[in-house]
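The values are calculated or read from the model by the stated rules, or taken from the named source; none is laboratory data. Keep in mind it's a predicted model, so treat the numbers as computed, not measured. Reconstructed Cβ throughout: ideal geometry from the backbone, glycine too, with neighbour counts over all protein chains shown. For the accessible areas, the whole protein counts, side chains as well, though only heavy atoms, and no ligand, DNA or RNA atoms are used. Shrake-Rupley method; radii C 1.70, N 1.55, O 1.52, S 1.80 Å.
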Amino acid sequence: MATMVVGDDPPVLVPAENTTDDGGGGSTSSDVVGAAAKAPADGMPPGVGQTGLLGRVTGAIDGALRSFFFRVGYLVAGRPLWFIIGSIVLTAGLTAGVLRLRTESRGNKLWIPQGTEALRDQARVEAEFGQFVRSVQMIATSSSGGGDLATGAGLQGLLALQRVTEGVQTTLDGEVITYDKLCHRQSDSVNNSICATTSVLGIFYNATAAVKRADGGVDFVATVAAGLDGLSDAEIKQRLAGNGDVVPAFDGGDVQRSVVLGGTAGEGSSFTAQAMYLGLLLRNEQVVKDGEEVDVRADAWEEAWTRRLLLENSPEVSGAEALDYTGNSAWAQEEAFSGAVSGDVTLFIVGFALLFVYVILFLGEFHAVRSRFFAGIITLINVGLAIGSSYGLASLVGSFYGPVHQILPLLLLGVGADDGFVVVQALDDVRANPRFATKTPRERIALALSNSGSAIFVTSITNLAVFLISSTTKLPALRHFSWWAAMGVFFDFLYTITFLVPYLLFDERRMQAGRRDCLPCVRARPSKAEKETNVCGVRLGFLSRFLSGPFARVLLNKYVRLGVLAAFFGFFGTMAYGASQLTLRSRFADFFPIDSTPAAHEEQRLAYFPTGDNFGVYTGALDYPNADVQAELLRLCAPTTGAVATNPFVETVSVDCWYASLVDATTGGVPALTGDAFYPALRTFLSSVDGARFNSDVNFAADNTISLARFTAQQRYFPTNEEEVESMESLRSLLDRSSLDDVFAYTFAFTFVEQQAVLLREAALTVGLSLVFVLFVTLILIGHPLASVITLVSVGGAVTCVLGIVSFADIHINSVSVISLALAVGLSVDYSAHIVRSAMEQTGTRRERAASALGALGPPVFHASTSTFLAILVLSISKSFVFQVLFKVLISITTIGVGFGFLFTPVVLSLVVPPSLFRSREEREAVEEALADRLTAGVSAAGSDGGREVDGASH
C-alpha cells in the first residue's frame with residue numbers, strides 16, 4: 001500500500017500518462033519497473049520535480065500518515081500489555097459515567113425542536129390552565145358490519161359501554177381508584193359538577209332533571225337512560241341528525257356531529273350512522289421521573305379499563321352484544337410500545353450473535369494456524385470497550401439516551417468489525433510478502449498498521465464528521481444520537497489501535513511459532529502449519545484472488561463496464577426521481593405495532609372520524625373593558641362569521657367563544673359591556689346556565705382581572721403534514737395581524753407540527769452538509785481532488801438511491817427516517833472510500849490498479865458489509881415502526897453501498913483513476929522496507945528496547 005519514501009521528500013505521484021489503460025499509449029509496466037530499478041540508493045525515485053505541487057501535496061499527506069501509523073504501531077507493539085491494560089482501565093473509568101445515564105422517552109423532548117413558539121405557548125398555557133387532560137376512547141360499530149347505530153338499541157349499547165367504564169376500579173398501594181376519582185370534571189348548564197364525556201349521549205342529557213347518586217353526585221348514565229326512555233327510533237334519529245352540522249353537548253354547548261357520529265347519511269327520521277365515538281376525560285397528574293412522564297394512578301386505572309374492555313380475553317359487555325368496538329388509552333399505547341421494544345431486544349441479541357459468529361469465522365482463515373478465533377473475540381470485545389466508553393462519556397456530559405439509541409451497538413459493531421477486518425487483512429498481506437519474512441512480529445505489526453491505519457483513519461474521521469454535522473440538527477433525538485454515535489466511532493478507532501493491535505502482536509507470535517488458534521499451547525504439525533490451503537483444500541486468500549482476478553476481469557471488461565455504467569445511471573435516474581417524490585408524513589399512530597389495540601383503534605378512527613385537532617385562541621391580560629379590545633375580540637371569535645371561523649383551515653361551525661356568548665346573553669349581540677360594567681357582567685354570565693360551561697376557559701389573576709382566556713375551534717382534517725404546517729402558520733399569521741397585543745393560537749398538536757415544519761430542511765441540511773464534509777475530509781486525508789470527487793460521487797449516488805428506495809418503499813420524511821439518513825451517509829463512506837484510497841496506492845494500468853484495489857481492501861469491506869447485513873436482517877420481523885424504518889434504510893444502504901463500492905467505483909477508477917503514489921510494486925515494497933528499517937532504527941537509537949524483548953520471546 002502507499003507509503004513514504006526514505007528521506008525528507010514525499011512519495012511520488014506517477015503522472016496519468018504513465019498509467020494508461022491496456023492497449024493505450026504511454027509507459028508500459030516493464031518501463032515502470034525499469035524506472036524503479038534505477039531509483040537512487042537512498043530510496044528517492046527520480047523525476048520528483050515532474051509531478052508538480054499536487055503530487056507533492058498528495059505524497060506528503062500519504063507519507064505523513066504512513067509514517068505516523070508506523071510509529072504508533074511500533075510503539076503499541078513494543079508495550080502490548082500496557083496498552084491493553086490501559087484500554088481496559090480507560091474504559092472502566094469512562095463506563096462509570098453510565099451511573100449518570102439519563103433516559104428520555106417524552107415525545108416533546110425527543111422529536112420536537114426545542115425553544116419553538118409552540119413549546120413557549122405550551123408552558124404558558126399549562127401554567128395558567130394546568131396540564132391538558134388525558135382520555136380513554138372507544139369507537140363502536142355494528143357487529144353485523146355496516147349496520148345502522150342511530151337507533152335506541154345502538155345508543156343502549158353505547159350507554160352500556162359507558163356504564164362498564166364508570167364501574168372499573170383498581171387498587172394501588174391500598175387506595176381504591178375509581179373513574180369518579182380520576183375523571184376530569186366540568187360544569188353542566190346548571191353548574192352540576194360532572195365527569196366530562198364526548199359522545200352522542202350528551203344529546204339526551206337533561207341537566208335540569210339530572211339523576212343524583214346517594215353521595216349527591218350526578219349519575220350521568222341514569223340521566224341519559226331516562227332521557228332515552230320512551231323515545232322511538234324515528235325520534236332518536238331526529239335528535240341525532242341535529243341542527244345541521246352540530247348537535248347538543250352535555251355542558252349546554254354544541255359539538256360537531258362529525259366528531260361523535262361517523263358514516264352518517266340522510267336527515268331527519270331517515271338519518272343513519274355506522275359508528276359512534278365515546279371519549280371520557282381524565283385528569284392529568286403526570287410527573288417526570290427518570291426522563292419519563294408518569295401518572296401512576298391514571299396508568300393503574302387505564303390498565304384495569306383496557307383489560308376489562310379491549311383485550312381478546314376481555315368479558316363481553318352486557319347490553320352491548322350488538323356492537324363491535326375498539327379502544328385506546330395512554331396505558332395501552334405504552335404497553336404496545338414496550339411490547340414491541342421487548343421483542344426487538346430478542347432480535348438484537350440474535351443479530352449480535354450472527355455478527356459475532358461471522359467475525360470469528362471470517363476474520364482469519366479456516367486453517368490450523370491462521371484461523372483467528374480469539375482475534376475475532378478480541379475484535380468484538382474491542383467494540384464492547386467502545387460502546388462502554390461512549391455510553392459513559394456521553395452520560396457524563398449530560399446527553400440523554402433515547403429509543404433510537406438501541407441501534408447504536410449494532411452500528412458500532414459494524415464500524416468496529418470493518419476496522420478489524422482492514423487491519424487483519426493488512427497484517428496478512430505483510431506476512432505473505434517474502435520481503436518481510438525476516439521482519440520481527442513487532443515490525444510486521446507496525447507495517448500492517450502503516451498500511452491500514454490511513455484507510456481506517458479516513459473512514460473514521462469521515463464518519464465522525466458526518467455524525468458531528470448531524471448533531472447540529474434541531475431535532476433532539478437525532479442530535480443526541482449523533483453525539484453518542486460520534487463518540488462511539490472515535491472509540492472504535494482508538495481501541496482498534498490500543499487494544500486489538502496489541503493483541504495481534506501475540507497472535508502473530510503464535511502463528512510464527514506454529515501454534516493452533518483455539519489451543520495456543522499446542523503446536524500444529526509443520527505440514528499443517530505451513531500448508532497454503534485451508535481445511536477445504538482452497539488456497540489461502542481466496543476472496544482477495546477472486547476479487548482481483550476473475551471478478552475484476554469480468555467487471556472491467558470493456559463491454560461490461562459500459563453495461564455497469566448504463567445500469568447504474570439508469571438505476572440512479574429512477575431512484576433520483578423517487579427521491580424527488582418524497583413527501584412529509586409524520587404521524588404518531590405510525591409508532592403503534594400493527595397488531596396492537598391502539599393500531600386497530602386508529603384504523604377505525606381514520607375510517608369513521610377523520611377530524612382535525614381542536615385548538616384554542618388565547619388572549620392574555622388585555623384591557624378587556626376597552627371598547628376597541630372587545631370589538632377586535634369579537635371580530636376574531638364571532639361564530640360562523642369571525643376571522644377565525646372563516647379561515648380556510650378551520651371548521652366554520654366549530655368556533656365556541658366565551659365573549660360572543662357573553663354578548664349574546666347580556667346585550668342581545670350588541671357589544672356594550674365597556675368600562676366598569678364588564679367584569680360584573682362576566683361574573684354573572686359565568687354562573688348562569690348559558691355561561692357555566694365557559695368557566696374552564698377564563699382564568700383570573702389575583703386582582704380579579706383576566707390573566708388568560710381562550711375560545712376554541714377545530715381545524716379541518718388534513719391528509720398531509722404539509723397542510724398541517726400551512727394551517728398552523730395561517731392561524732399564527734391571522735393573529736399576528738390582530739390589533740390585540742397578546743393573542744396566540746395553541747394546541748398540543750402544534751408542538752409536533754413545529755417538527756414537521758423543519759423536517760425537510762433538516763433532512764436536506766443533514767445529507768447536504770454531510771456530503772460536503774465527505775468531500776472536505778477525503779480531500780485533506782487522501783490528498784487528491786479526483787479521488788475525493790470519486791468518493792463523493794459514489795457516496796452521494798448511494799445516498800440518493802437509498803432516498804429513492806425509501807420513497808418507493810412507502811417510507812416518508814419523518815423524524816426516524818431523518819436519523820436513518822444520517823446513518824446511511826456514515827455507512828456508505830466505508831464502502832467506497834476504502835477502494836478509492838487503495839487505488840491510490842496501487843501500480844500498473846488503470847484497470848490493473850482498480851483490480852488490485854479490489855483485491856487489497858475488497859475482502860475486509862465485503863466481510864464488514866456482510867456481517868452488518870446479517871445483523872440488520874433480523875430487524876425485518878420487528879414490529880416496531882422505528883426499527884422497521886431503520887431496517888429498510890440500513891439494508892438498502894448496505895446493499896446499494898456494496899454495489900457502488902464493488903461495481904461502480906472500480907469501473908470509474910478503471911477509467912479516471914488518480915495518479916499513483918508509486919511507479920511500481922517493487923518500488924512500493926522497497927520504500928516500505930526502507931521506511932521500516934529507518935523508523936525502527938530511529939526508535940532503537942532513541943533508547944526504546946521494550947520491543948526487542950517482546951520480539952525475542954517469539955523466536
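Overview of results
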quantity: Degrees between helix 558-580 axis and first principal axis of the chain (Cα, 0 to 90, nearest 10); calculated: 20
quantity: Accessible surface of the stretch 400-512, 1.4 Å probe, proportion on carbon and sulfur as whole %; calculated: 68
quantity: Unit charges on C-beta of K, R, D, E only; dipole of the chain, Debye; calculated: 4520
quantity: Förster radius 41 Å - calculated FRET efficiency between ALA127 and LEU311 (Cβ-Cβ, nearest 0.05); calculated: 0.60
quantity: Accessible solvent surface per residue of the chain, calculated while the other protein chains remain in place, 1.4 angstrom probe, Å²; calculated: 39
quantity: Positive-end extreme of charge dipole, the chain - chosen from SER135, LEU909, LEU281 (charges on Cβ); calculated: LEU909
quantity: Packing-based ranking, highest mean first, of 210-222, 500-512, 441-453, 268-280 given that Cβ atoms within 10 Å are counted; calculated: 441-453, 500-512, 268-280, 210-222
quantity: Most positive-pole-ward Cα, GLN715, ALA627, ILE456, against dipole of the chain from beta carbon charges; calculated: ILE456
quantity: Point-charge dipole on Cβ atoms (K/R +1, D/E -1) for the stretch 565-641, about Cα centre, debye to 20; calculated: 280
quantity: Order by protection proxy (mean Cβ within 10 Å, highest first), peptides 192-202, 229-239; calculated: 192-202, 229-239
quantity: Label-point gap, in nm, between ASP736 and THR705 - each point 7 angstrom along Cα→Cβ; calculated: 2.8
quantity: The stretch 866-925: proportion of alpha-carbon pairs further apart than 14 angstrom, %; calculated: 68
quantity: Candidates per GluC sites (Glu not before Pro) in the stretch 284-314, loop by DSSP, up to 13 other Cβ within 10 Å; calculated: GLU312
quantity: Percent antiparallel among DSSP beta bridges (both partners in the chain, rounded to 5); calculated: 95
quantity: Apportionment of accessible area to carbon and sulfur, the stretch 843-912, percent (1.4 Å); calculated: 70
quantity: Acute angle (nearest 10 degrees) that the helix 441-470 long axis makes with the longest principal axis of the chain, alpha-carbon atoms; calculated: 30
quantity: Angle between the chain longest axis and helix 296-309 axis [Cα atoms, degrees, rounded to 10]; calculated: 80
quantity: Under-5 Å amide H pairs with VAL650, H placed in peptide plane, nonlocal only; calculated: ARG716
quantity: Sequence ranges 481-490, 878-887, ranked by mean other-Cβ count within 10 angstrom, highest first; calculated: 481-490, 878-887
quantity: THR895 paired with SER232, simple spin-label distance in nm, labels 7 Å along Cα-to-beta-carbon; calculated: 6.5
quantity: Mean-position separation - Cα centroids, the stretch 237-303 and the stretch 765-834, in angstrom; calculated: 47
quantity: Residues in the stretch 718-743 that a label on ASP628 would reach, taking backbone N under 11 Å of a point 7 Å out along Cα→Cβ; calculated: 739-741
quantity: Hull volume in cubic angstrom per residue (convex hull over the Cα atoms of the stretch 109-163); calculated: 180
quantity: Per-pair calculated FRET efficiency, R0 = 41 Å: CYS521 and LEU911 via Cβ, rounded to 0.05; calculated: 0.20
quantity: Accessible surface of the stretch 185-242 [probe 1.4 Å, protein heavy atoms]: carbon and sulfur percent; calculated: 45
quantity: 18 Å tail of the calculated P(r), the stretch 158-265, as % of Cα pairs; calculated: 53
quantity: Distant alpha-carbon pairs in the chain (separation over 47 angstrom), percent; calculated: 42
quantity: Computed helical MRE - 222 nm, the chain, DSSP H runs ≥ 4 contributing -39500 (n - 2.57), nearest 500; calculated: -18500 deg cm²/dmol
quantity: Debye-sum result for the stretch 207-325 in log10 I(q)/I(0), which assumes one identical scatterer on each alpha carbon, at q = 0.23 Å⁻¹; calculated: -1.37
